[in-house]
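Note sheet for the following structure.
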C-alpha cells in the first residue's frame, strides 16, 4: 500500500489550479496551502476530517477535568453586601 501524498502549494498556485488540489485530496492525499511562505491551510479528504473530529463524548465530558479533584483551591469567599441606592 502506498503512502498518502502531501503536496505543498502557494495560495496563488491553489487559486489557479483548484482542480489539481482537489484531485490530490480526493485520492487520499493532503494539500498544504502556504501564505507568504508559511503553511496556513490544509485540504484533506472528508473521511480524514471526520476521523480527526469524531468523538463519542458529550460536550460536558470533553470539558471535564479528570484530575480536578487533585487540585487544591484555597480562596476566601467573596461577601457581597446590599446597600440602599441613596447611600
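Read the figures in this text as sums done on the coordinates, not as results from a lab. Only a predicted model underlies this, so the values are computations on that prediction, with no experimental measurement involved. Quick reminder, even Gly has a Cβ in these numbers, built from the backbone with ideal geometry, and neighbours come from all protein chains shown.
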Exercise. State the extension gain, in nm to one decimal, for the chain segment bounded by residue 62 and residue 74, taking 0.36 nm per residue of separation less the distance between their alpha-carbons.
Key: 1.8 nm
Quiz item: Among 70, 20, 47, which one moves the most in a GNM of the chain with springs linking Cα atoms closer than 10 Å?
Solution: 70
Quiz prompt | Calculated Kirkwood radius over Cα pairs in Å (choose from [x] 12.9; [y] 13.2; [z] 18.0), label | solution = [z]
Quiz item: In percent, how large is the relative contact order of the chain, given Cα pairs closer than 8 Å and 6 or more residues apart?
Solution: 20
Practice problem: Obtain the nm distance between the two label points defined at residue 41 and residue 13 by a simple spin-label model: each point lies 7 Å from its Cα along the Cα-to-C-beta direction. | Solution: 1.5
Quiz item: From the Cα gyration tensor of region 38-87, with a ≥ b ≥ c the square roots of its eigenvalues, which class applies: rounded if a/c is under 1.5, or else prolate if a/b is larger than b/c, or else oblate?
Solution: prolate
Quiz item: Pulled fully out, how much extra length does the chain show between residue 54 and residue 27, if you take 0.36 nm times their separation in residues and subtract their Cα-Cα distance?
Solution: 7.6 nm
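Rank by packing, highest mean first: peptides 23-31, 59-67, 9-17, with packing defined as the count of other Cβ atoms within 10 Å averaged across residues.
23-31, 9-17, 59-67
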